[in-house]
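Peer 1: Pasting in a structure now, in structure tokens, and then I'll have a few things to ask.
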Amino acid sequence: MNKIPKFKKDLQNSGSAISIGIDKVGIIGVDKKVEIVQENKRYSFYPKISALISLPPNQRGIHMSRSSETIEEVINESVYKPASRIEIVSDRIARKLFKEHPYTTKIEVKLEGKIIIQLKENNHRVIQKSYDVSSIVYGNRTELGELEFDYFIGAKAMGMSCCPCAIDLSKEYAESVMKNREDLTISNEDIKTLLNILPFSSHNQRSLGSITVQIKDINQQQIDVLDIIDVIEESMSGRIQSVLKRPEEAQLVRTAHLNPLFAEDIVRGMAKNFYAKGFPDLGEGKIIFQVESFESIHPYNVYCELKMNYSELVKMMT
């Protein structure tokens, strides 16, 4: 039986022929499954994981196996030591990367993928829903050897939006018809009442909302991605649903048309609802609110973005 040879020379630690530092090098696209366990809920997370580090000018390469082993160890550890939030998993990987790569000064860890959760839809049927979520950690090792981290968590969710302009046009058309029909005699007061109680059509579309939040301290500033998802969905004209019986479909369409919103309205609504949710004080942490509306009557989509520090949001809302 042939023995595996032991290699004495560490090529990664040898000097580089070209003395230029590298910003990011590592592994990307590692598929894993992580169970997130909290006191009253549990959900599965299926991320693609990236682990990247910086490389000094005088070193030829990184020890790539250390990065892959780090991911495997942290994921396996999560089986018997589950995390309550996805950013905790990212943090564990980031800190272990610094330990395994003492020569690096910067790291970047990304977990991006879908979570699968079970919930009650319309308060009676239990379904599974998937959402895209992400957790990104940027780490820095100072000259004194201290570790500093910036965390970003984000989530995306679909909702239904209705155009306010089209509803107003429908109302104007209906008003014109009622006033100009010779076979109808309706007072202006009755016309006004009818316009307020009758449903009017609009073009509606699915809109993809997204919120990304910067966190400095994951122990003190705890934010659940499921709460972020709830903020997005409640900021839409209506919550889209997997299964709809006829009465439920009628109710959803009616409700959404009573709350018509532009994309601009949605991102502002997300900011307002984010503040109202009562999240921990994020200080100068950045928040990005985004929405993409998949237009039903145009050959293009509509995009809107709002970016601010949490402290700025607080000032606007108080």
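Peer 1: Exactly one of these conditions fails for Gln251: (1) surrounded by 15 or more Cβ atoms within 10 Å (Cβ to Cβ); (2) among the polar types (S, T, N, Q); (3) free of Cβ contacts under 8 Å to residues at least 12 places away in the same chain. Give me its number.
Peer 2: That leaves (1) as the condition not met.
Peer 1: Based on this model, can you work out whether Ser84 counts as within 14 Å of the chain's Cα centre (by Cα), polar (S, T, N, Q), surrounded by fewer than 16 Cβ atoms within 10 Å (Cβ to Cβ) and not assigned by TED's automatic domain parsing to the domain that holds Glu233?
Peer 2: Against the criterion (within 14 Å of the chain's Cα centre (by Cα), polar (S, T, N, Q), surrounded by fewer than 16 Cβ atoms within 10 Å (Cβ to Cβ) and not assigned by TED's automatic domain parsing to the domain that holds Glu233), Ser84 does not qualify.
Peer 1: Do you know which of the residues in the stretch 213-231 that are in a loop (DSSP other than H, G, I, E, B) and in contact (Cβ under 8 Å) with a residue 60 or more places away in the chain is farthest from Phe294 (Cα to Cα)?
Peer 2: For the stretch 213-231, the residue satisfying everything is Gln220.
Peer 1: Here's a check for you: in the stretch 268-318, which residue that is of a type in the set (Phe, Trp, Tyr) and assigned to a loop (DSSP other than H, G, I, E, B) is modelled with the highest pLDDT?
Peer 2: Phe279
Peer 1: Does Ser235 satisfy being surrounded by fewer than 16 Cβ atoms within 10 Å (Cβ to Cβ) and not charged (D, E, K, R)?
Peer 2: Answer is no for this residue.
Peer 1: Follow-up. When you check Ile62 against the structure, is it of a type in the set (A, V, I, L, M, F, W, C), in a loop (DSSP other than H, G, I, E, B), on the phi < 0 side of the Ramachandran plot and not assigned by TED's automatic domain parsing to the domain that holds Leu226, yes or no?
Peer 2: Taking the combined requirement at face value, the residue satisfies it.
Peer 1: Which one is nearest to the chain's Cα centre (by Cα) among residues in the stretch 30-45 that are in a strand (DSSP E or B) and either surrounded by 20 or more Cβ atoms within 10 Å (Cβ to Cβ) or modelled with pLDDT under 95 (or both)?
Peer 2: Phe45
Peer 1: For the list (1) touching a Leu at 6+ places or on another chain (Cβ under 6 Å); (2) on the phi > 0 side of the Ramachandran plot, I need the number of the one condition that Gly278 fails.
Peer 2: Evaluating Gly278 over (1) touching a Leu at 6+ places or on another chain (Cβ under 6 Å); (2) on the phi > 0 side of the Ramachandran plot leaves (1) as the failure.
Peer 1: Take the residues in the stretch 266-295 that are within 24 Å of Ser201 (Cβ to Cβ) and touching a residue at least 40 places away in the same chain (Cβ under 8 Å), then tell me which one is farthest from the chain's Cα centre (by Cα).
Peer 2: Only one residue tops the list, namely Glu295.
Peer 1: Looking only at the stretch 49-108, filter to residues that are of a type in the set (Asp, Glu) and farther than 24 Å from Val213 by Cα; which one of those is modelled with the lowest pLDDT?
Peer 2: Filtering first and then ranking leaves Glu77.
Peer 1: Can you find, within the stretch 200-222, the residue that is farthest from the chain's Cα centre (by Cα) among those that are buried (at least 20 other Cβ atoms within 10 Å of the Cβ) and among the hydrophobic types (A, V, I, L, M, F, W, C)?
Peer 2: Ile215
Peer 1: Restricting attention to the stretch 267-310, report how many residues are surrounded by fewer than 17 Cβ atoms within 10 Å (Cβ to Cβ) and hydroxyl-bearing (Ser, Thr, Tyr).
Peer 2: Selection size over the stretch 267-310: 3.
The values are calculated or read from the model by the stated rules, or taken from the named source; none is laboratory data. Since the structure is predicted, the reported quantities are computational estimates derived from the model, not experimental observations. Virtual Cβ from ideal backbone geometry, glycine too; neighbours counted across all protein chains shown.
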